[in-house]
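**Q** Just dropping this structure here.
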Amino acid sequence: MNFEEIYLKRRSNRFLSNESLPKDTIDKLVNAGEHAPVAKGKYDDILLYIIEKEKLEALRKIIINEFNKDITFNCGCLMLILHKGQNKDLTNQDAGCILENICLEAASLNIGSVYVYSVAQLIKHSEKSKELLKVDPSFDIIAGVCLGYKTSEEVREVTHKIKTIY
């Protein structure tokens, strides 16, 4: 699959199976994220936290109990970007670059993905979630991506047009 086919295929899919992804698939997704550019090359300030299986189910229950909604889309894998250091102004951009690379690789592997800012913010504001995940307090939770096998090919068809000035 060439790059154009991948980015044209890449859409948020909110219909995911909670079935675990194989280790080699997760490794490919992580590799894609590791090849994203980050501000000032400060990779040591970034942590990619992979949550699966029992820990993901426990986290899902906390989110539902505390916030009365499940915004993990029943995924089998949740990856969060955490950031520390002085580069606060660029943390969202760093997370966006890393997570988009992961989503593009997911599309190439026919894995469903949804970029999630809100789930990261709910976890960030939940003491029970941070306790479950044992989040190092020097790291700030920025954003994440829900990943899993697609249980439906249903996606919103959106016309993507950006006003362009030359």
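The values are calculated or read from the model by the stated rules, or taken from the named source; none is laboratory data. Just so it is clear, the structure is predicted and the values come from calculations on it, not from any experiment. In this analysis, Cβ positions are derived from the backbone assuming ideal geometry, glycine residues included, and neighbour counts consider all displayed protein chains.
**Q** Could you go through segment 16-30 and let me know if any residue there is within 19 Å of ALA143 (Cβ to Cβ), out of contact with any Phe, Trp or Tyr (no Cβ under 9 Å at 6 or more places or on another chain) and among the small types (Gly, Ala, Ser).
**A** No, every residue in segment 16-30 fails to be within 19 Å of ALA143 (Cβ to Cβ), out of contact with any Phe, Trp or Tyr (no Cβ under 9 Å at 6 or more places or on another chain) and among the small types (Gly, Ala, Ser).
**Q** Moving on to the next point. When CYS97 is evaluated against the numbered criteria (1) touching a Pro at 6+ places or on another chain (Cβ under 8 Å); (2) not in a helix (DSSP H, G or I), which criterion, by number, is the only one it fails?
**A** Result: CYS97 fails condition (2) only.
**Q** Spot the failing condition for HIS125; the list is (1) in contact (Cβ under 8 Å) with a residue 12 or more places away in the chain; (2) more than 24 Å from THR151 (Cα to Cα), and only one is missed.
**A** The one condition HIS125 does not meet is (1).
**Q** Here's a check for you: in segment 39-69, which residue that is in contact (Cβ under 8 Å) with a residue 60 or more places away in the chain and closer than 30 Å to PHE3 by Cβ is surrounded by the most Cβ atoms within 10 Å (Cβ to Cβ)?
**A** ILE51
**Q** Do you know which residues across segment 73-125 are among the charged types (D, E, K, R) and under 22 Å from ALA58 (Cβ atoms)?
**A** Listed by number, the list holds a single entry, LYS124.
**Q** Out of the residues in segment 18-38 that are surrounded by 16 or more Cβ atoms within 10 Å (Cβ to Cβ) and either among the small types (Gly, Ala, Ser) or at pLDDT below 85 (or both), state the one that is farthest from VAL114 (Cα to Cα).
**A** Here the answer is ALA36.
**Q** When you look at SER152, is it modelled with pLDDT of 90 or more and among the hydroxyl-bearing types (Ser, Thr, Tyr), yes or no?
**A** Taking the combined requirement at face value, the residue does not satisfy it.
**Q** Give just the number: which of (1) part of a helix (DSSP H, G or I); (2) in contact with a Lys or Arg (Cβ under 8 Å, 6 or more places away or on another chain); (3) within 17 Å of LEU16 (Cβ to Cβ) does ASN110 not satisfy?
**A** Answer for ASN110: the failing condition is (1).
**Q** Something else about it: Of the numbered conditions (1) free of Cβ contacts under 8 Å to residues at least 24 places away in the same chain; (2) within 14 Å of the chain's Cα centre (by Cα), SER12 satisfies every one except a single condition; which is it?
**A** Against the list (1) free of Cβ contacts under 8 Å to residues at least 24 places away in the same chain; (2) within 14 Å of the chain's Cα centre (by Cα), SER12 comes up short only on (1).
**Q** May I pose another question? Somewhere in segment 77-92, is a residue at pLDDT 90 or above, out of contact with any strand residue (DSSP E or B) (no Cβ under 9 Å at 6 or more places or on another chain) and within 22 Å of ARG11 (Cα to Cα)?
**A** no
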